[in-house]
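The structure appears below as structure tokens.
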Amino acid sequence: MCDSTCGIQVLFQQCLTLEYLTPILAALLLGGLIGIEREIHQKPAGLRTNMLICMGAAVFTLIGEHISISPDAESRVIQVVWTYVGFLWASVLIHQQGNVHGLTTAATIWLVTAVGIACGARLYGIAVATVIPAIIILLVLPPFEKKLRKNNHIYGNNSSQDKDL
């Protein structure tokens, strides 16, 4: 006879398999790598935010894989994730005095979501191949962009430029 604690043990045994842990941990790690860069540069969406977004996208992708409502359930779940991330993305953009702030943070949220979906779909190569150049872009390009802006008259006081480097 199995009591309620037995049911909980079975649930944990099922949930803590590599089938589920690997994509979730991969999402945490890869989202965390991007989050560390954002945290170091003191951006609003830092380590925890990027880890949670990436993990959430992976979990929703895993859930979509196991929904048996229709054959296209997984793609529908991914579409919903993209839709709601769009709202989150839009919420970090700030338009002030002709300048747009937060574009890089918004783009990072979008990218981390894609990485989480790739992890949830167990497409680890795509996820890693996305994170490596993303980190390089986030680390290497800001000083180059600042130098371009300083030396280029195109960026005047009224231009729309990304203040979230």
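Here are the numbers for the structure shown:
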{"read-out": "Phi-based couplings in Hz for segment 62-67 (Karplus 6.51, -1.76, 1.60; Gly and Pro marked x)", "value": "5, 4, x, 5, 9, 7"}
{"read-out": "Ordering of 49-62, 122-135, 71-84 by packing [mean C-beta count within 10 Å, highest first]", "value": "49-62, 122-135, 71-84"}
{"read-out": "Mean Cβ count within 10 Å, highest first, over the residues of peptides 137-150, 105-118", "value": "105-118, 137-150"}
{"read-out": "Proportion of all alpha-carbon pairs of segment 17-151 beyond 27 Å (%)", "value": "23"}
{"read-out": "Cβ-derived FRET efficiency at R0 35 Å, residue 69 paired with residue 140, nearest 0.05", "value": "0.20"}
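Throughout, read-outs are computed from the coordinates displayed, never taken from laboratory work. Because the structure is a prediction, the values reported are computed rather than measured. No Cβ is skipped: glycine too gets one built from the backbone with ideal geometry, and neighbour counts run over all protein chains shown.
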